[in-house]
1. Restricting attention to region A:54-63, does a residue exist that is modelled with pLDDT of 95 or more, of a type in the set (Gly, Ala, Ser) and touching a Leu at 6+ places or on another chain (Cβ under 6 Å)?
2. Answer with yes or no whether residue A:59 is assigned to a helix (DSSP H, G or I) and touching a Pro at 6+ places or on another chain (Cβ under 6 Å).
3. Evaluate region B:246-259: report whether one residue or more is crowded, with 23+ Cβ neighbours inside 10 Å and small (Gly, Ala, Ser).
4. Which is loosely packed, with under 13 Cβ neighbours inside 10 Å and touching a Lys or Arg at 6+ places or on another chain (Cβ under 7 Å), of A:444, A:433, A:451?
5. Out of region B:93-107, which residues are β-branched (Val, Ile, Thr) and either surrounded by fewer than 16 Cβ atoms within 10 Å (Cβ to Cβ) or more than 32 Å from the chain's Cα centre (by Cα) (or both)?
6. Would you check if there is a residue in region B:15-22 being within 14 Å of chain A (Cβ to nearest Cβ) and more than 18 Å from the chain's Cα centre (by Cα)?
7. So if I check each of B:34, B:39, which one is hydrophobic (A, V, I, L, M, F, W, C), assigned to a strand (DSSP E or B) and either free of Cβ contacts under 8 Å to residues at least 24 places away in the same chain or closer than 30 Å to residue B:119 by Cβ (or both)?
8. Could you list, in sequence order, the residues of region B:433-457 that are touching an Asp or Glu at 6+ places or on another chain (Cβ under 7 Å) and either in a loop (DSSP other than H, G, I, E, B) or under 13 Å from residue B:476 (Cβ atoms) (or both)?
There are 2 protein chains.
Amino acid sequence: MAKDIKGITVKKENFSEWYTQVIQKADLADYSAVSGCIVYKPNSYLIWEKIKHLVDQRFKSVGIKNAYFPLFIPEKLLQKEEAHVEGFSPEVAWVTHAGKTKLDERLAVRPTSETIMYDSYAKWIRSHKDLPLRLNQWCNVVRWEFKHPIPFLRGREFLWNEGHTVFATKKEAEAEKDQIINIYNDVCENYLALPSLIGKKSEKEKFAGAEYTVSMEFLMPNGKGIQGPDFHHDGQNFAKAFDISFLDEKGTKQYAWQNTFAITTRMLGIMFAIHGDDKGLVLPPQLAPIQVVIVPILFEKTKAKVLKACQKIKDSLSPNFSVHLDNREDYSPGWKFNEWEVKGIPVRIEIGPRDLEKNQAVLVRRDTGEKKSLSISSLAKKVGPLLNQIQDNLLQKAKSHLKKSIVKVTTLAEAKKQINDQKIVFAPWCNTSQCEENIKDKISGAKSLNSPSKQSKATGKCFACAKKATSHFYFGKSY
Amino acid sequence: MAKDIKGITVKKENFSEWYTQVIQKADLADYSAVSGCIVYKPNSYLIWEKIKHLVDQRFKSVGIKNAYFPLFIPEKLLQKEEAHVEGFSPEVAWVTHAGKTKLDERLAVRPTSETIMYDSYAKWIRSHKDLPLRLNQWCNVVRWEFKHPIPFLRGREFLWNEGHTVFATKKEAEAEKDQIINIYNDVCENYLALPSLIGKKSEKEKFAGAEYTVSMEFLMPNGKGIQGPDFHHDGQNFAKAFDISFLDEKGTKQYAWQNTFAITTRMLGIMFAIHGDDKGLVLPPQLAPIQVVIVPILFEKTKAKVLKACQKIKDSLSPNFSVHLDNREDYSPGWKFNEWEVKGIPVRIEIGPRDLEKNQAVLVRRDTGEKKSLSISSLAKKVGPLLNQIQDNLLQKAKSHLKKSIVKVTTLAEAKKQINDQKIVFAPWCNTSQCEENIKDKISGAKSLNSPSKQSKATGKCFACAKKATSHFYFGKSY
């Protein structure tokens, strides 16, 4: 496989082609024999394992437990909540046969698990003592998208967590919102180095079956918004459809209040896209499978000495960092530099015989390309702070790009101009589905992203239809 | 949910009913709306997470990397290896429609992933430098069994690891066998406390597509054998069917050599079944979600004091053990003892006001029921060794039961008598499919389990057909 690695041949401004090349050349994913389904290769899957672990630890620490529900959902169950089935049925993969036997009832391959889980919840929950019930599962889901698939960003099968929680009161249910969003945001900001716009989705864009949806929206290099983790407060919609009820302390039957929330493998693609540069991937040190790569400059006469020094450096760094010594002899140093740049390894250490004579090594940052000669003895002390600097720099760069890309507007004409100029606009809006349809008509590819909870009151007119604005929303082109 | 917990109402000797009650009453799993598919509840899923983590760590330490391949397999791919498709197609769940669209080609929901993975492997592997390729995935698989489903032991969807490795030579491929089996056996013996019979499966019972299969067979309380983790050496069967070939160092095209291996959620059921007793579950301390439960004996006057002492004990144990303080006030101590016994918690600490006056607590072992009064100050020192003793006792008990249950025989009549008496027999055998069919006819429910690699040479006659025996095999009734 290694033989085929070449540098990225287009600039990042040619985003779509750049992204396709990065995914393949950094060995992150491959297309499979099933259209729209990718293979998650070890270089990306290991990062997903880390994200999963970080989120899972945090879920467990607030009392959410993991379970696993069946992959299949009988058709009748899927149809129990009206808005939900409308939202999902166009994309459901249906199992109709087992071996040579035709099934009596078709089975949906889960597009999401509300309906199969809530059928169990209805059996399990009887008393207020059974609440809250806070379960989560990490699994695969299938949504048979007919749009053009893009590795990680849009595909027919992806991996995610789906949290499904049940509370006795609306107040308790809604109190979970900040807890969950804070967990997702902690992981996104401090590990993936990705800032986001956090707020409520519009009536039109909320989850099928939810009372409201809070989303985290990220800004892609091509100016498009993309939805990341989300949290849905379902009110009593599913509780009523599935009869999830309990006897309260007075013995009165009450319907329960529910939330659902998710983070998916889409975040991998968002992270690869946002931090990458013309040379390829740039990985945040907190998630990079390899944080430091050591590349020896080998000549016949000095090879043994240089390799020995490299191994010593590796041994000194390995207790604290993930370090790889690239001691292959049939590849040139230049070829290796290129490979590890394409793969986004945060720090490279180069050592040749002349460096060694001076007891030095060259330390190279992947994010800025900056090179520094340092004494070998100081490496163990310098690598940690450097990785932190890189981590911080990636977040700050992404934050400042996000900030610069947001423009306040008050008219549809301004919005159109800015959105077509790859900006996100922030505008007072009426939040009606009819108006959103109209905006989509007028600005090709645009839709509402979300509405931050902290904002000054929108007292004026809707930027699009001039009716009364209820709040400010972000709008942009979007995946 | 808690309200419904009652003790187990049948003895373990009535195994089938006992098992059904334990699964439900210890809150391990529940039936779902999809026949043959269960819900893995937190009490069992957390144990699966631990098993997964233990195996995964060990895989990573020997250089196996995780990836994730699509859930779906196009029908044409599944058919590429003849023995393989014959073995699996009767149990395949088929996706035929997406939304309202009929698919051009049916998609199998993976019963195992050889065919989808090897299609990619054929693209990726070109040179001897690309080998070995050692990938693994943790995922769900579906096999539409038409036999009676039993939670964890036999169902239509289960969770597993599937390792799929590729080597340049048969020698290297076969050298992986002991490495993998040792990993599985380490986890089974030292964490699940389960001994097994390890050996090669018969020609008839080997994996569909493999050259040979090595399995770990466990002995269930009803005398039936059950297959656990396995390792298949595929030779070049799949390599030829999928054209997984490479240029060796001389530039000559060679077909690769392959192995596959798996451990599944079936192990949960085996562990629950083997260690449990008339009172319910008995969990090995190494895997128990809760290792120590503290039950205060509460009276109105002394409640505050006793609870305070319990909390102090909890705090002293929590850094090293997983401890739960059951401070519910609306359940009696007796009710709680019963609940935690049904759930198999290894150690219980009871404290009432009279114990407290003497600065004592009562320590109760779940495995033997043994009770001891101890000074509170000595608890922190005693709990660790006690958990180790329990862990060891479970393994030794299972080992001695396995040993006692194996009987050497040399005739079919003896075999029949012993097998019907819930024994495993060990007999010289010819290892032909025809003879195995005959044995199955003669001893209802019996089949070959496996043949250990270390054994004295079988020089005599086959116990069943009197032809030449090639080696000794274990036979028994089996799942």
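The values are calculated or read from the model by the stated rules, or taken from the named source; none is laboratory data. Source: prediction; values computed, not measured. Positions of Cβ are generated from backbone atoms using ideal geometry, with glycine treated the same way; all protein chains shown enter the neighbour counts.
1. As a first pass, look at region A:54-63 and keep what is modelled with pLDDT of 95 or more: A:54-63.
Still in the running and of a type in the set (Gly, Ala, Ser): A:61, A:63.
Subset that is touching a Leu at 6+ places or on another chain (Cβ under 6 Å): none.
No, there is no match, as no residue in region A:54-63 is modelled with pLDDT of 95 or more, of a type in the set (Gly, Ala, Ser) and touching a Leu at 6+ places or on another chain (Cβ under 6 Å).
2. no
3. Yes, because at least one residue in region B:246-259 is crowded, with 23+ Cβ neighbours inside 10 Å and small (Gly, Ala, Ser).
4. On the way: A:444 fails: touching a Lys or Arg at 6+ places or on another chain (Cβ under 7 Å); A:451 fails: loosely packed, with under 13 Cβ neighbours inside 10 Å.
That would be A:433, the only listed residue that is loosely packed, with under 13 Cβ neighbours inside 10 Å and touching a Lys or Arg at 6+ places or on another chain (Cβ under 7 Å).
5. We begin by selecting, within region B:93-107, every residue β-branched (Val, Ile, Thr); these are B:95-96, B:101.
Result: B:96, B:101.
6. no
7. Unique residue meeting the criteria: B:39.
8. B:447, B:448, B:449, B:450
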